[in-house]
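Derivation of every value follows stated rules applied to the coordinates shown; laboratory data play no part. Quick caveat, the model's predicted, so the values are computed rather than measured. Because the Cβ atoms are built from the backbone with ideal geometry, glycine has one as well, and the counts that use them run over all protein chains shown.
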Amino acid sequence: MPDNSLTIALSKGRIFEETLPLLAAAGISPAEDPEKSRKLVIATNDPDIRLVIVRASDVPTYVRYGAADFGIAGRDVLIEHGGEGLYQPLDLQIAKCRMMVAVPQGFDYAAASQPGSRLRIATKYPRIAAEHFAGKGVHVDIIKLYGSMELAPLVGLSDAIVDLVSTGNTLKANRLEAVEHICDISSRLVVNKAALKLKHRRLQAVIDAFSAAAN
Ligand code: AMP
């Protein structure tokens, strides 16, 4: 008997909301809203398909070890994770934003980021930040944070931050300004490699539906 069950790892918030239309295109509708429910395992209209709600940065881990057959993760999370052991067939073009360097308004970033200079950078994305500044020949002390990066330069913890920017409102509210664009970010489908072989027909149908709906 082929195993027809599918477990999908998703994070709450923007990725979940923007994934709903893709799930609908694949004929999948969640039985509950994870924003309202405290359940971490959510059933769907298909008895063989369930969702697991995990932190965005944990999606690659659940998929890599096969606890979820596939999931949706931001490019930011995938670069930091490394993406080992994951098949990434599709950029879904959802949860789009930009990875930026930001500094307090009025800070002379051009002068402070000359090759050979040294900067303190607070970020949730140490790998992306280190690669970016290595490419510019700027020495950096990376201070790893888990949230509210915008606070760090305001209280003297760092000179600058590397963070995701969408509308720019959070930066503006904290008197920060974006000074450098590192890369564009969107979310991707990540698939467990063994599941792709063992549940190929079922998974390929979902990948095809997502692909058609994402274009
Ligand atoms: P905004 O004020 O619209 O520029 O949003 C910035 C805040 O939202 C920052 O705290 C970011 O870390 C977060 N953010 C923006 N876009 C995303 C995204 N696509 N995924 C996760 N966090 C995001």
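Tally Lys/Arg at +1 and Asp/Glu at -1 over every other residue whose Cβ is under 9 Å from the Cβ of A102; what's the total? Walk me through the numbers before you get to the answer.
Working: positive: none; negative: E150, D163, E177, E180.
The answer is -4.
If you fit an axis through the alpha-carbon atoms of helix 126-136 and take the longest principal axis of the Cα set of the chain, what angle between them do you get, 0 to 90°, nearest 10?
Once rounded, one gets 50 degrees.
Using amide H atoms built in the peptide plane, which far-off residues or other-chain residues are under 5 Å from L90 H to H?
L189
If you count the DSSP beta bridges with both ends in the chain, what percent of them are antiparallel, to the nearest 5?
Numbers: 26 of 42 bridges.
Roughly 60 percent of the beta bridges in the chain run antiparallel, per DSSP.
What's the magnitude of the charge dipole for segment 97-184 around its Cα centre, counting Lys and Arg as +1 and Asp and Glu as -1 at the beta-carbon? Answer in Debye, nearest 20.
Computed charge dipole of segment 97-184: roughly 140 debye.
Mind grabbing the base-10 log of I(q)/I(0) for segment 28-151 at q = 0.13, 0.18 Å⁻¹? Debye formula, identical points on the C-alpha positions, no solvent, two decimal places.
-0.70, -1.06
About the Cα centre, and with charges only on the beta carbon of Lys, Arg (+1) and Asp, Glu (-1), how big is the dipole of the chain? Nearest 20 debye, please.
300 debye
What is the angle, in °, between the Cα long axis of helix 14-25 and the longest principal axis of the Cα atoms in the chain? Nearest 10 is fine, range 0 to 90.
Around 30 degrees separate the two axes.
Enter the angle in degrees (range 0 to 90, nearest 10) between the Cα long axis of helix 200-214 and the first principal axis of the Cα atoms of the chain, meaning the one along which they spread out most.
Result, in degrees: 50.
Using the scaling law 2.2 N^0.38 Å as the reference, what is the normalised Cα Rg of segment 97-184?
Compactness ratio reported: 0.96.
Modelled label-to-label distance, R127 and S166, 7 Å Cα→beta-carbon offset: nm?
2.3 nm
State the Kirkwood hydrodynamic radius of the chain in Å, one decimal place, computed from all pairs of distinct Cα atoms.
This gives a value of 18.6 Å.
In 5 Å bins starting at 0, how do the alpha-carbon pair distances of segment 44-114 split up by percent?
Histogramming segment 44-114 at 5 Å steps yields 3, 12, 20, 18, 13, 10, 8, 7, 5, 2, 2, 1 percent.
Just from its helices, what would the mean residue ellipticity at 222 nm be for the chain, if runs of 4 or more DSSP H residues each count -39500 (n - 2.57) and the sum is divided by every residue, rounded to the nearest 500 deg cm²/dmol?
Values: 9 runs with 70 residues, N = 215.
Here the helix-only value at 222 nm equals -8500 deg cm²/dmol.
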